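Reviewing the structure listed below.
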Amino acid sequence: MSVLEFVLIFFKFITLSVALLSAGGIVFYNIFYLELVKSRQFINNALFTAIIFAIILSLIYLFLDAARFSGSIDGIIDYGLQKMILQSHLSVARLLLILGLLIIVFSHKIASANRVILTTIGVSLVVISFTYTGHTSENPFRIILAPLLIMHLFVVIFWFGALIPLYFIIKIETNQRAGLIVNDFSKKATFLVPLIFIAGIILSIILMEGINFLRDPYGQILLLKITVFSILMLIAALNKLRLGPDLELGKPNAARNLQRAIIFEILFIFVIVGATTILTGFFSPETT
């Protein structure tokens, strides 16, 4: 991997992470809006800032593919190459991502009912943008893979985007209210999060035309994602069964323990996003 490739893949990782965090954070905010008291304005302002940052990163990212294809940073100012990329499916993906984020930003000052509608459209465009890149976009079974990927990503952003708001809710709200919100989130996540694993496995089997995940680098990185996800499920179970209820009951150190668990969840999800970035950027599944 060259220095340029490393820089570009790292920038892609940062861009996608911020986009997923901010879009998912909005989903969490809309669902739990009425339950937030002391932390509502803080979370609202933080999400607005994160989405603006995501838009800036996405706009820069829009023009970086030319550098990757040319193998040189000079590709950014290559008009012919930029024009070719802007007419490709890569450009569609980037523009849908930016449009979705812009819609979310424009909804920031709108009344709650209309805001939920607009943010739902914006988040949907963010999710759909991912179906225009990666291996699913070129697979003959795209008609099956695209809906699976959309379901997979909707649940991912719901989970991923909730973690940072939850961290500050625990810090700002009373223990009882924070515990209620954490428990409410855990109940919803219990039903939704397993869909990430199910959709991911089906996607992988179709892409690799079988279940031999260890036969190539793509499969090995995929196994890493599955392993990390399994650890995440254990942490989520701990939050639901012990740490959340402890916080609601006001037990000593409950808030600190839950915040630590959330930090570990965030770090592990960053590993998964990083692995996905590497998979889609450098490896392809071997097929028979």
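Derivation of every value follows stated rules applied to the coordinates shown; laboratory data play no part. For clarity, every value in this text was computed on a predicted model and none was experimentally measured. Cβ placement follows ideal geometry from the backbone for every residue including glycine, while neighbour counts extend to all protein chains displayed.
Ranked highest first by average number of other Cβ atoms within 10 Å, how do 18-25, 183-190 line up?
Those peptides, ordered most packed to least, come out 18-25, 183-190.
Let me know the volume per residue of the alpha-carbon convex hull for region 30-171, in Å³.
133 Å³
Where in region 66-83 is the amide nitrogen less than 14 Å from a point lying 7 Å along the Cα-to-Cβ axis of V7?
Once the point is set 7 Å along Cα→Cβ of V7, 66-77 turn out to lie under 14 Å by backbone N, inside region 66-83.
If I take R0 = 45 Å and measure r between the Cβ atoms of N114 and S72 in this structure, what FRET efficiency does the formula 1/(1 + (r/R0)^6) give, to the nearest 0.05?
0.45
On a full-extension model of 0.36 nm per residue, what is the gain between F270 and M233, subtracting their alpha-carbon distance, rounded to one decimal in nm?
Extra length available between F270 and M233 comes to 11.8 nm.
Quick one: 3J(HN,Hα) in Hz for region 155-170, Karplus 6.51/-1.76/1.60 with θ = phi - 60°, rounded, Gly and Pro as x.
6, 4, 5, 4, 6, 4, x, 7, 5, 5, x, 4, 4, 6, 4, 4
Distance check, please: which entries in K38/K187; K109/K187; K38/K109; K12/K38; K187/K251; K83/K109 exceed 25 angstrom between their Cα atoms?
K109/K187; K12/K38; K83/K109
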